[in-house]
Amino acid sequence: MTNALLILAIILLYTLQSFLCRKYTDHYPGKAHMASPVFTAVSGATVVAVCFAVSGFSFKASGLTVLLGFANALTLLGYNYFIVKASQTGAHSVMMVFSITGCITVSALTAHLAFGDELSIFKLLALLGVFLSVYLISHRKGERLAAGKAFIPACIGLGLCNGAYNALLDVQQRLSGTEEKEELVAITYGVAVLVSLFQMLLREKKELPRAFRQSRLSLSFLLICSLITAFAINVLVYVLPLVDVTLLYTFQNAGVMLLSVLASCVFLKERLSPVNIVGGVLMCGSLVMVSLF
């Protein structure tokens with residue numbers, strides 16, 4: 001029961017993060033292309049600060065944790081790059097299928113091949129249902145499959161980076177122990193912040209101070225979203241060793257997407273098509289199957 005409540009908390013936190021991030025970008029007063037790196041820098045710094053606070057302001061990481069932290073930072077940066085590229089060149093629904101499929105598949109296969117976690121035929125069938133429902137629930141009428149040749153390679157890169165990021169969180173805890181989970185997250189986001197600032201410096205050297213200027217609304221959304229991001233990742237790494245990895249990432253990704261769609265309907269007045277509704281029903285049924293098998 002406790003594990004189920006923790007997974008629910010993760011879903012709610014990441015859904016709120018996604019919603020507030022969208023509101024932040026809508027109200028960001030600077031150049032549109034600078035909203036994402038500013039968010040990465042501020043939220044990343046917040047994650048590092050919270051991780052240090054949670055660990056009692058101590059830092060004791062083994063060489064393996066440091067190595068995995070740098071590797072995970074690269075996957076996080078790769079994810080950010082590919083999600084922008086895929087968003088610019090093709091359909092959102094297809095991009096989401098690759099992202100969520102990559103996360104669940106790479107994580108599940110890593111756990112199965114490296115640590116012997118079981119993958120039953122019923123669970124695999126349920127996962128296929130989740131992947132199909134992701135497409136149906138995110139599909140928008142009239143959207144084009146692809147607007148450029150870079151779309152499919154970007155989607156593949158997105159899925160692999162998303163899967164590798166989550167798999168590495170699990171691998172570190174299994175190999176180095178749960179005592180260094182805060183250090184791993186701090187290294188991951190610390191490196192991502194430094195790289196993001198360096199990229200901003202190259203692109204907008206003269207305008208860098210202006211990029212961090214915020215309106216009252218955008219600053220509020222940015223700070224609240226950054227805190228939620230920090231708490232979400234810390235709860236996630238806490239829950240990782242307690243539950244089945246495939247179950248956790250399936251519920252996290254599918255649950256966040258389902259709640260995000262519902263939140264968009266309620267707060268942003270977006271309408272669901274019959275295809276979206278079928279996708280939502282299929283997703284709920286598939287999640288039940290994943291939990292049972």
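The values are calculated or read from the model by the stated rules, or taken from the named source; none is laboratory data. Being a predicted model, the structure only gives us computed values, none of them experimental. FYI the Cβ positions are ideal-geometry reconstructions off the backbone, even for glycines, and counts take in every protein chain you see. Heavy atoms of the whole protein, side chains included, go into the accessibility calculation; ligands, DNA and RNA do not. Shrake-Rupley method; radii C 1.70, N 1.55, O 1.52, S 1.80 Å.
Scanning region 279-293 for residues that are surrounded by fewer than 16 Cβ atoms within 10 Å (Cβ to Cβ) and farther than 16 Å from Leu127 by Cβ yields a single hit, Val281. Looking for whichever is in contact (Cβ under 8 Å) with a residue 24 or more places away in the chain, more than 21 Å from Leu6 (Cβ to Cβ) and in contact with a Gly (Cβ under 8 Å, 6 or more places away or on another chain) here; the options are Gly279, Gly285. Which one fits? Of Gly279, Gly285, the one residue that is in contact (Cβ under 8 Å) with a residue 24 or more places away in the chain, more than 21 Å from Leu6 (Cβ to Cβ) and in contact with a Gly (Cβ under 8 Å, 6 or more places away or on another chain) is Gly285. Being out of contact with any strand residue (DSSP E or B) (no Cβ under 7 Å at 6 or more places or on another chain), open to solvent by less than 10 Å² (accessible area, probe 1.4 Å), in a helix (DSSP H, G or I) and farther than 21 Å from Gly255 by Cβ is true of Ala192.
Mind counting the residues in region 107-141 that are part of a helix (DSSP H, G or I) and either open to solvent by less than 40 Å² (accessible area, probe 1.4 Å) or polar (S, T, N, Q) (or both)? Qualifying residue count, region 107-141: 15. Restricting region 53-75 to residues that are touching a Phe, Trp or Tyr at 6+ places or on another chain (Cβ under 8 Å) and modelled with pLDDT of 90 or more leaves a set whose member that is surrounded by the most Cβ atoms within 10 Å (Cβ to Cβ) is Asn72. Cβ-Cβ contacts under 7 Å between residues 6 or more apart (or on different chains), taken from a first residue in region 162-190 that is free of Cβ contacts under 8 Å to residues at least 60 places away in the same chain to a second residue that is part of a helix (DSSP H, G or I), are listed as Lys181/Gln173; Lys181/Val237. For the residues Phe221, Phe267, the requirement of being among the aromatic types (Phe, Trp, Tyr), open to solvent by 50 Å² or more (accessible area, probe 1.4 Å) and farther than 30 Å from Leu128 by Cβ singles out Phe267.
Look at (1) closer than 22 Å to Ala150 by Cβ; (2) modelled with pLDDT under 85; (3) open to solvent by 20 Å² or more (accessible area, probe 1.4 Å) and you find that Tyr79 fails only one, number (2). Here the condition is being polar (S, T, N, Q) and either within 27 Å of Leu217 (Cα to Cα) or outside any helix (DSSP H, G or I) (or both); of Thr65, Thr75, Thr25, it holds for Thr25 alone.
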